[in-house]
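First comes the structure, then the notes that go with it.
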Amino acid sequence: ADARLIIVDNGSSRETELMLEEFSEPLGEAGLFIKSERNIGLVPAINMGLARSDSDFAVIVRPHVMVCAGWLNALLGDAETVNAGIMSPMFTGKSAPVLPPLVSGCTLMESCTVSFSVLLLRGEMRILAGGFDEQLDGGEWCLREYVRRTADKGYRTFITNRTVVACGEEASFGSAVRRAEMINSSRIAYIARWGVARDYVVYFGKEAQAGSLSDTVEAILDGARQGHHFTLLLHSRQNSDFRRKGWNGLHTGLELFGLSMLFPQRDLQKRMAALGKELPDMVAVRGCEGVPFPGADNAVSIGTLMESISERSTNKQTQSKEVSE
């Protein structure tokens with residue numbers, strides 16, 4: 001792929017600056033060197049570089065990352081295949097960001113969890129959604145906010161495992177106390193803007209047929225795009241049918257759990273107890289109207305869940321695009 005390299009020197013030493021200038025000069029039109037006299041912070045520096053990109057795609061690559069031959073073409077190819085707004089590779093190494101694993105058999109999955117280490121962004125999306133919020137932290141909450149904001153514009157975020165890059169040790173700046181304060185204030189700002197991300201556990205009952213649950217699964221996918229996490233507790237036949245339809249690979253925030261064929265109710269209670277310890281604030285959902293959720297007397301109805309999801313739907317922009325076309 002023809003690419004232009006934009007190097008942002010974020011207040012480095014004079015020695016590093018000279019080295020970067022020397023590296024950039026022979027690139028000619030294929031290179032651009034941008035200098036900030038002082039360290040303006042990670043997110044402003046990223047925005048500064050992105051502002052000078054006018055291509056269909058821009059890819060952020062941090063200094064502690066080592067890429068290998070073919071990585072860029074593979075990343076671009078996957079982004080084109082699924083029409084991604086945002087695309088992340090997988091990572092290995094000392095400072096590798098922890099991303100959700102993809103389910104077996106999937107090379108691409110939607111997700112809300114990405115990293116600044118390497119991140120592909122679609123150009124038209126950046127024009128519509130703007131840059132990263134410079135008031136937030138240079139990590140989790142800034143990225144969550146951007147993924148959520150772009151989802152509202154109809155753009156989807158994916159992880160691919162066809163591209164894997166290595167991460168060395170990442171430098172940390174500022175005191176640990178200051179970083180913790182920034183993370184906390186960013187979390188509060190995100191919640192004020194987009195609401196709390198919740199953990200839901202959904203049970204459809206034994207008689208529910210996968211074929212009649214397409215609308216429900218579509219709504220749950222919308223909820224996953226909003227940052228919520230869903231665990232679907234499925235009887236054996238439902239589990240097989242859901243996987244046959246590919247619903248296990250829709251989003252990293254949507255997890256299928258198959259109950260035991262021989263002792264499903266005992267397995268259900270066991271799984272609920274484990275989830276209760278792991279996720280004390282989880283919300284139990286009756287996946288079909290009129291179907292009880294054993295052991296979860298406080299379970300909300302599927303109608304209540306779908307109403308909550310639709311209030312902040314990520315599908316509104318997509319629907320308006322389709323109408324205008």
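Just so it is clear, none of the values below were taken in a lab; they were calculated from the coordinates. Owing to the predicted nature of the structure, the values given are computational and were not obtained by experimental measurement. Don't worry about glycine lacking a Cβ; one is built from the backbone with ideal geometry, like all the others, and counts go over all protein chains shown.
Across the stretch 245-253, rounded Karplus estimates of 3J(HN,Hα) from the backbone phi angles (6.51 cos²θ - 1.76 cosθ + 1.60, θ = phi - 60°) give 7, x, 6, 6, x, 6, 7, 5, x Hz, Gly and Pro being marked x. Taking Thr107, Thr16, Thr231 in turn, the Gaussian network model of the chain (Cα-Cα springs below 10 Å) assigns the largest fluctuation to Thr16. Taking every DSSP beta bridge that has both ends in the chain, the antiparallel portion is near 30%. Legend: residue pairs Lys153/Lys245; Lys94/Lys153; Lys245/Lys270, Cα-Cα distance threshold 32 Å; pairs beyond threshold, Lys94/Lys153. For Lys277, the aspartates and glutamates whose Cα falls under 16 Å of its own Cα, not counting residues fewer than eight places away in the same chain, are Asp199, Asp267.
For the stretch 147-203, the square roots of the Cα gyration tensor eigenvalues, ordered a ≥ b ≥ c, give a/c of at least 1.5 with a/b no greater than b/c, which places it in the oblate category. In terms of the mean number of neighbouring beta-carbon atoms within 10 Å, the peptides 208-217, 238-247 order highest first as 238-247, 208-217.
Our note on the geometry: Cα centres of the stretch 121-185 and the stretch 25-92, 13 Å apart.
Take the Cβ-Cβ distance between Glu37 and Glu134 as r, set R0 to 25 Å, and report the resulting FRET efficiency rounded to the nearest 0.05. For Glu37 and Glu134, the calculated efficiency is 0.90.
Kindly rank 82-89, 264-271, 45-52, 120-127 from highest to lowest mean number of other beta carbons found within 10 Å of each residue. Before the final figure, lay out each step's value.
On the way: 82-89: 21.8, 264-271: 15.2, 45-52: 17.0, 120-127: 18.6.
Final packing ranking: 82-89, 120-127, 45-52, 264-271.
Taking R0 as 25 Å, what FRET efficiency do you get between Ser240 and Asp297 from their Cβ-Cβ distance, rounded to the nearest 0.05? Plugging the Cβ-Cβ distance into 1/(1 + (r/R0)^6) gives 0.25. The calculated FRET efficiency for the pair Asn184 and Ala273, based on their C-beta separation and a Förster distance of 45 Å, comes to about 0.90. Projecting label points 7 angstrom from Cα along Cα→Cβ for Phe257 and Asp215 puts them 2.8 nm apart. GNM remark for the chain: springs join alpha carbons under 10 Å apart, and the peak mean-square fluctuation among Met109, Met261, Met306 falls on Met261.
Write down the Kirkwood hydrodynamic radius of the stretch 41-192, to one decimal in angstroms, obtained as one divided by the mean of 1/r over all alpha carbon pairs.
Details: mean 1/r = 0.0629 Å⁻¹.
Over the stretch 41-192, the inverse of the mean reciprocal pair distance is 15.9 Å.
For the stretch 3-145, the share of DSSP beta bridges that are antiparallel, to the nearest 5, is 55%.
Rounded to the nearest whole angstrom, the semi-axes of the ellipsoid equivalent to the chain, taken from the Cα gyration tensor as √(5λ), stand at 41, 21, 19, largest first.
Remark: the Val67-Arg162 segment gains 32.9 nm on full extension, using 0.36 nm per residue and subtracting the alpha carbon distance. I want to check the label-to-label distance for Glu170 and Arg266. Put each point 7 Å from Cα in the C-beta direction and report it in nm to one decimal. So the two model labels end up 4.5 nm from each other. Compared with the direct C-alpha span, the chain from Ser12 to Leu27 gains 3.3 nm at full extension, assuming 0.36 nm per residue.
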